[in-house]
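To start, the structure under review is shown below, and the notes come after it.
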Amino acid sequence: MNVFTEANFQEEVLNSDLPVIVDFYADWCPPCRIIAPIIEELEREYKGKIKIGKLNVDNSPSIAAKYGINSIPFIGFFKGGELVGSIIGAVPKEALVSKISEVF
């Protein structure tokens, strides 16, 4: 699983040639733990097509603030350096797959 931080966000997410899905989470967040295995499953399924990773909002507060993230888990969909879609909350895999089809 890719780990995004304030140090690598520009290079790994905004400058990525591939579309990127970022799971904005925190260790203390129960819904974040619920969706984590789904995110890992998607990472395996879309390997080479979409870059997928996690960003801990407690460790990278300026990025969370930049995108106005007040609720987690916040799944951000980035393409060409822009946030092109998002889903908030622990949703079923089907909702994420549907969003991937819609924005990418």
Test for Lys49: is it farther than 19 Å from Glu11 by Cβ, surrounded by fewer than 14 Cβ atoms within 10 Å (Cβ to Cβ) and either touching a strand residue (DSSP E or B) at 6+ places or on another chain (Cβ under 6 Å) or modelled with pLDDT of 95 or more (or both):
yes
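So that you can scan it fast, the table gives a plain yes or no per residue for (1) among the hydroxyl-bearing types (Ser, Thr, Tyr); (2) under 12 Å from the mean Cα position of the chain (by Cα):
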position: Phe4; (1), (2): no, yes
position: Glu11; (1), (2): no, no
position: Ser16; (1), (2): yes, no
position: Val20; (1), (2): no, yes
position: Arg44; (1), (2): no, no
position: Gly53; (1), (2): no, yes
position: Asp58; (1), (2): no, no
Go through segment 55-69 and report how many residues are of a type outside the set (S, T, N, Q) and assigned to a strand (DSSP E or B).
1
Pairs, please: C-beta under 9 Å, at least 6 apart or cross-chain, first residue within 14 Å of Glu43 (Cβ to Cβ) and touching a residue at least 40 places away in the same chain (Cβ under 8 Å) and in segment 6-19, second assigned to a loop (DSSP other than H, G, I, E, B) and of a type in the set (D, E, K, R)?
Pro19/Lys49
Considering residues that are out of contact with any helix residue (DSSP H, G or I) (no Cβ under 9 Å at 6 or more places or on another chain) and either of a type outside the set (Asp, Glu) or crowded, with 18+ Cβ neighbours inside 10 Å (or both), the number found within segment 14-46 is 15
Checking Ile52 against (1) part of a helix (DSSP H, G or I); (2) touching a residue at least 40 places away in the same chain (Cβ under 8 Å), only one condition comes out false. Which one?
(1)
Scanning segment 79-99 for residues that are in contact with a strand residue (DSSP E or B) (Cβ under 8 Å, 6 or more places away or on another chain) and assigned to a helix (DSSP H, G or I), the one farthest from Ser16 (Cα to Cα) turns out to be Ala95
Selection from segment 14-25 of residues that are part of a loop (DSSP other than H, G, I, E, B) and within 16 Å of Ile87 (Cα to Cα):
Pro19
Mind telling me which of the residues Lys66, Lys79, Lys47 ends up being in contact (Cβ under 8 Å) with a residue 12 or more places away in the chain and not aliphatic (A, V, I, L, M)?
Lys79
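The values are calculated or read from the model by the stated rules, or taken from the named source; none is laboratory data. Quantities reported herein were computed from a predicted structural model and do not represent experimental measurements. Heads up, the Cβs are rebuilt from the backbone with ideal geometry, glycines too, and the neighbour counts pull from every protein chain shown.
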